[in-house]
Amino acid sequence: MTAYEPTGAQGATDTGDHVVYDAVVLAGGGARRLGGVDKPAVRVGGRPLLDRVLAACADARTAVVVAEPRPTARRVTWAREDPPGGGPVAALDAGLRHTTAEFVVVLSADLPFLDGRTVRRLLAALRTGGADGALLTDADGRDQPLVAAYRAPALRRALAALAQGHDGPAGAEGAPLAGLPLRRLTGALELIRVPDPVASFDCDTWDDIATARARIREHGHVLDEWISAVKDELGIDLDVDTKALLDLARDAAHGVARPAAPLTTFLVGYAAAQAQGGQGGPEAVAEAARKAAALALRWAEEAAGEPDQAPDATPDTRPDAG
């Protein structure tokens, strides 16, 4: 794996922002290399791996998780393959039955570095390329069919053909697909390959978990990770200008007192939440931060003894002159 860097810096200029899509997240594997632990619940950066993946596809019209239900940070639809533990092809078929969009993003639940920009890159590549699917390839050039976007009709046709060829017509629950490897499915599809050694990194072992936990704390990324974790924990879906808030905290700490930094940013957030009858968004945060920053600078100017009258003023012309 390469050094952790923003995945959106690579790839297509068409971000796929306007593509309507559903998402299917496969989260029911046995995690044998992790000793059978509930892998989607393992925390990286304070968040379960499953919640990190769901955050990456937060703008999906419908998010389907194929696994036993459990608490998640976002509302999802639950599905289960037949039989449980029947493998990724059966799980994908079970999840796909709950989707209706033309495009579907298919993800495993163990991708700590996946983000929304990567999902949009895959959708953009699929929409503009005319293939059946677009998938990531890892650092060794291997296909990652569970970090991919597909055209749902093509995926359904391939699943139906695979089920019929494997054990007669597919049943209502797709049982004929149990135990089949994913390569049997993807081999029938025309695919676009998008190299991304970071977003394609998955956690199969405890060493992988340790690597992921260390990488998100690298300088230059830990703050973004922390903010994402806090927003998930608090149920906040709001993008704000982090640099402006950091600049405000710096001005308050230097111009007033060190404890003023966290208190000021808290008050800015509270003011933004109260703006426009509780409907304040990023613009409300920016405006509150601007006002507080200007106040902090005025406070610092007074502390430095800078005059507040016009440069040519004299004691005889000041309003309070005797």
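Read the figures in this text as sums done on the coordinates, not as results from a lab. Predicted model, so just to flag it, every value in this text is computed and none were measured. Note that we place each Cβ from the backbone using ideal geometry, even for glycine, and neighbour counts take in every protein chain shown.
Taking 0.36 nm per residue of sequence separation and removing the Cα-Cα distance, the residue 300/residue 137 pair yields an extension gain of 53.4 nm.
Local charge for residue 114 was computed over the other residues whose Cβ lies under 10 Å away, with Lys and Arg +1 and Asp and Glu -1, and equals -2. Net length available on complete extension from residue 102 to residue 230 is 42.8 nm, with 0.36 nm assigned per residue and the Cα-Cα distance removed. Residue by residue, segment 22-27 carries 3J(HN,Hα) couplings of 10, 10, 10, 10, 8, 9 Hz when phi is fed to the Karplus relation 6.51 cos²θ - 1.76 cosθ + 1.60 (θ = phi - 60°); x denotes Gly or Pro. Pairwise inverse Cα distances across segment 174-296, averaged and inverted, put the Kirkwood hydrodynamic radius at 18.5 Å. Can you pull out the chymotrypsin sites (Phe, Trp or Tyr not before Pro) in segment 187-246 whose DSSP state is coil and whose Cβ has at most 12 other Cβ atoms within 10 Å? Within segment 187-246, no chymotrypsin sites (Phe, Trp or Tyr not before Pro) qualify (loop, at most 12 other Cβ atoms within 10 Å).
Run the numbers for residue 253 and residue 59: contour at 0.36 nm per residue of separation, minus the present Cα-Cα distance, in nm.
Separation in residues times 0.36 nm, less the Cα-Cα distance, equals 66.2 nm.
Modelled spin-label separation between residue 190 and residue 164, with each label point placed 7 Å from Cα along the Cα-to-Cβ direction: 2.1 nm. Between residue 75 and residue 242, the modelled label-to-label distance comes to 2.9 nm, taking each label 7 Å out from Cα in the direction of the beta carbon.
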